[in-house]
Amino acid sequence: MKIQHVFFDLDHTLWDFEKNSALTFKEILPAANVTVDIDLFLNIYIPINFSYWKKYREEQVTKIELKYLRLKETFDVLKLPVKDEVIHQLSDEYIAKLPNHNHLFEGTFEILEYLQTHYKLHIITNGFEEIQTKKMKKSGIYNFFDAIITSESVGVKKPNKKVFEYALEKVNANASNCIMIGDNLEADIEGALNCGIKAIHFNSENSNLIPKNITSIYNLLDLKEYLCLLYTSDAADDMQCV
């Protein structure tokens, strides 16, 4: 069936989370008088943050706990004696200042400009609701999207089927005419597939551990070709498949 709706994840898919996050920490850590090599800090923080987001998706920690514990654990590993009040301050400043950095992945504007002439575009994100819209507006991609679905607005997080079912209902679509693009195999890809939605994995980290049954791309512009090949329709010729 012809694809009519394209759902994107935001962080790590369109919005370059790791680059923008690093720039934010480079700003707020020295301002809080936390002296640490930023590369060393990030090497410890990134996997810890990843693990806490997994716990957050699985309802093992709350939003407040995630924001505090990812920093607390990082400082503990680094053996940095940072007071709790400073950790809470850094946690809030990080969320407030993160949207000020607006690096996008290569090809983001080009692919969105191309796709919006053929499809309805939407966002499905587990990111914190209070900053996701800010990220999109400040990076200049907000107006490409018809609907923005956050896990907080649904009450559960990807890969829960309720998120995708809510998204389908919100945009008045069927799973068979939708596709999901995201970087997270569990939250984005498995979540979409389990709901009957086609999915393409954005392999932003060039991992060679992607299951063979998963369609994976390394550059967003490759979506032109893959979307053309995914289905046969009278509209395919009009899309100038490459």
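The values are calculated or read from the model by the stated rules, or taken from the named source; none is laboratory data. Keep in mind it's a predicted model, so treat the numbers as computed, not measured. Positions of Cβ are backbone-derived with ideal geometry, glycine not excepted, and every protein chain shown enters the neighbour counts. Ligands, DNA and RNA are stripped out before the accessible areas are found, and what is left, the full protein with its side chains, is counted by its heavy atoms. Shrake-Rupley method; radii C 1.70, N 1.55, O 1.52, S 1.80 Å.
Does region 115-147 hold any residues that are outside any loop (DSSP other than H, G, I, E, B) and either of a type in the set (Asp, Glu) or under 12 Å from the mean Cα position of the chain (by Cα) (or both), and which are they? The answer is 123, 124, 125, 129, 130, 132, 135, 136. From the list 67, 72, 2, 55, the lone residue that is in contact with an Asp or Glu (Cβ under 9 Å, 6 or more places away or on another chain) and modelled with pLDDT under 95 is 2.
For (1) free of Cβ contacts under 8 Å to residues at least 40 places away in the same chain; (2) open to solvent by 70 Å² or more (accessible area, probe 1.4 Å); (3) touching a helix residue (DSSP H, G or I) at 6+ places or on another chain (Cβ under 6 Å); (4) closer than 17 Å to residue 134 by Cβ, each residue gets a yes or a no:
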site: 74; (1), (2), (3), (4): yes, no, yes, no
site: 85; (1), (2), (3), (4): yes, yes, no, no
site: 101; (1), (2), (3), (4): no, no, yes, yes
site: 107; (1), (2), (3), (4): no, no, yes, no
site: 123; (1), (2), (3), (4): no, no, no, yes
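Residue selection: residue 158 satisfies the criterion of being open to solvent by less than 10 Å² (accessible area, probe 1.4 Å) and more than 20 Å from residue 220 (Cα to Cα). Among the conditions (1) in a loop (DSSP other than H, G, I, E, B); (2) within 23 Å of residue 182 (Cα to Cα), residue 80 misses just one, which is (2). Going through (1) part of a loop (DSSP other than H, G, I, E, B); (2) touching a Cys at 6+ places or on another chain (Cβ under 8 Å) one by one, residue 6 falls short only on (1). Listed by first and then second residue, the pairs linking a residue in region 6-35 that is closer than 14 Å to residue 101 by Cα and without any contact (Cβ under 8 Å) to a residue 60 or more places away in the chain to a residue that is open to solvent by less than 10 Å² (accessible area, probe 1.4 Å) and of a type in the set (Gly, Ala, Ser), with Cβ atoms under 8 Å apart and 6 or more places separating them unless they lie on different chains, form an empty list. With respect to the stated conditions, residue 165 fails to be modelled with pLDDT under 95, open to solvent by 50 Å² or more (accessible area, probe 1.4 Å) and not hydroxyl-bearing (Ser, Thr, Tyr).
For region 29-67, filtered to residues that are exposed (fewer than 13 other Cβ atoms within 10 Å of the Cβ) and among the β-branched types (Val, Ile, Thr), the residue that is nearest to residue 156 (Cα to Cα) is 62. Scan region 173-211 for residues that are of a type in the set (Val, Ile, Thr), buried (at least 22 other Cβ atoms within 10 Å of the Cβ) and not in a helix (DSSP H, G or I) and jot them down. Once the filter is applied, which keeps residues that are of a type in the set (Val, Ile, Thr), buried (at least 22 other Cβ atoms within 10 Å of the Cβ) and not in a helix (DSSP H, G or I), region 173-211 yields 179, 181, 197, 200.
Filtering region 204-225 to residues that are in contact with a Gly (Cβ under 7 Å, 6 or more places away or on another chain), closer than 16 Å to residue 182 by Cβ and hydrophobic (A, V, I, L, M, F, W, C) leaves only 220.
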